[in-house]
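Data first, discussion second: the structure below is written as structure tokens.
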Amino acid sequence: MNARELKNCRICGKVFLHHGGIVVCEECRKDLDDIYIRARDILREKKDSEEFDSLRLAEEVGVDPIYIHILVEGGYFERDGFDLDGTVSTRKSLARSFEAELNRKKRGNQGEKPPSRGMFYDERRDKDR
């Protein structure tokens, strides 16, 4: 359980009781949710050739860029697979590294008998015993 703290909202500056997550008050959180829905719809409708950064997206939605910046920091767009900062999204990056790891293991285990303890067995547990 998170400790409750008094914090200032990053958007409006109002003092509120913070429970965790993004540091915005309840009113601004509702605004963020509405803005996120509008921004997400714009990103879904964009053409493949169109690129958005946070400033252009804020302009398209018609809001202050701080809203989009906070949404990006909170991982809202990343969890939906959108890429606003010009890099490969974390989801895609993790999928690629997982695929590469599986390929390395396949190449390394060719001709070997698979481990009998299952794929989720943690060998570090045995070292402490």
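The values are calculated or read from the model by the stated rules, or taken from the named source; none is laboratory data. Computed from a prediction, not measured in an experiment: that's the story for all the values here. In this analysis, Cβ positions are derived from the backbone assuming ideal geometry, glycine residues included, and neighbour counts consider all displayed protein chains.
Residues are listed down the side, and each one gets a yes or a no for (1) in contact (Cβ under 8 Å) with a residue 12 or more places away in the chain; (2) buried (at least 16 other Cβ atoms within 10 Å of the Cβ); (3) within 17 Å of Y67 (Cβ to Cβ):
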| site | (1), (2), (3) |
| --- | --- |
| C12 | yes, no, yes |
| C25 | yes, yes, yes |
| I35 | yes, yes, yes |
| R44 | no, no, no |
| E50 | no, no, no |
Here are some conditions: (1) loosely packed, with under 15 Cβ neighbours inside 10 Å; (2) of a type outside the set (G, A, S); (3) in a helix (DSSP H, G or I); (4) at pLDDT 90 or above. L6 meets all but one. Which one does it not meet?
-> (3)
Candidates A39, A58 - the one that is in a helix (DSSP H, G or I) and touching a Leu at 6+ places or on another chain (Cβ under 6 Å) | A39
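Yes/no per residue for (1) out of contact with any Ser or Thr (no Cβ under 6 Å at 6 or more places or on another chain); (2) at pLDDT 85 or above; (3) under 22 Å from C12 (Cβ atoms):
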position: Y36; (1), (2), (3): yes, yes, yes
position: D41; (1), (2), (3): yes, yes, no
position: F52; (1), (2), (3): yes, no, no
position: L57; (1), (2), (3): yes, yes, yes
position: V63; (1), (2), (3): yes, yes, yes
position: I68; (1), (2), (3): no, yes, yes
position: L71; (1), (2), (3): yes, yes, yes
position: E78; (1), (2), (3): no, no, no
position: D85; (1), (2), (3): yes, no, no
